[in-house]
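Taken together, the values in this text are just the output of simple stated rules run on the coordinates, not laboratory data. Owing to the predicted nature of the structure, the values given are computational and were not obtained by experimental measurement.
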Amino acid sequence: MGGETDLAALLAGMSARMQPETYVFVTLARGVRPPAGLTPRMQFMEAEGLSLILTRKEAEEAGLEYSFPCRMITLDVHSALEAVGFIARVATALADAGMGVNPVAGFYHDHLFVPEDRAEDAMTVLEGLARGG
């Protein structure tokens, strides 16, 4: 059930798939419960409160303040959770193109949240990276 750990194999086998929705980051103070009916892509409890990644539509409909409108790009390669250097290599390639990235690791795939207005640029970078660039 484990994924790939070899960096060269991960990069060569990687393809990127952009989700159509715009996502945003929301934070709720510690102890504040999210409004009913939300379906976060991710939630993580930090010392300061609960961080959520939601579609912009969901956040706006719930009346929540948000930051960082972004697109989610899924890396379609099953990377092992203990793989070394994969996200570092991806993040470096995106940084070299002048953009930040907020990566989220799932069990089967890594997901990148990139600025909405740079999403197509990110796809170009990732395609080049997979081709050995």
TODO: Would you calculate, for the chain, the mean residue ellipticity at 222 nm contributed by helices, counting each DSSP H stretch of 4 or more residues as -39,500 (n - 2.57) and dividing by all residues, to the nearest 500?
DONE: -7500 deg cm²/dmol
- [ ] Taking the chain as the reference, fit the longest principal axis to its C-alpha atoms, fit the long axis of helix 86-96 to the helix C-alpha atoms, and give the angle between the two in degrees, 0 to 90, nearest 10.
- [x] 80 degrees
- [ ] For the range 7-130, state the semi-axes of the equivalent ellipsoid (square roots of 5 times the eigenvalues of the alpha-carbon gyration tensor), sorted largest first and rounded to whole angstrom.
- [x] 27, 16, 12
Task: Rounded to 10°, Cα long-axis angle of helix 119-130 versus longest principal axis of the chain - done: 30 degrees
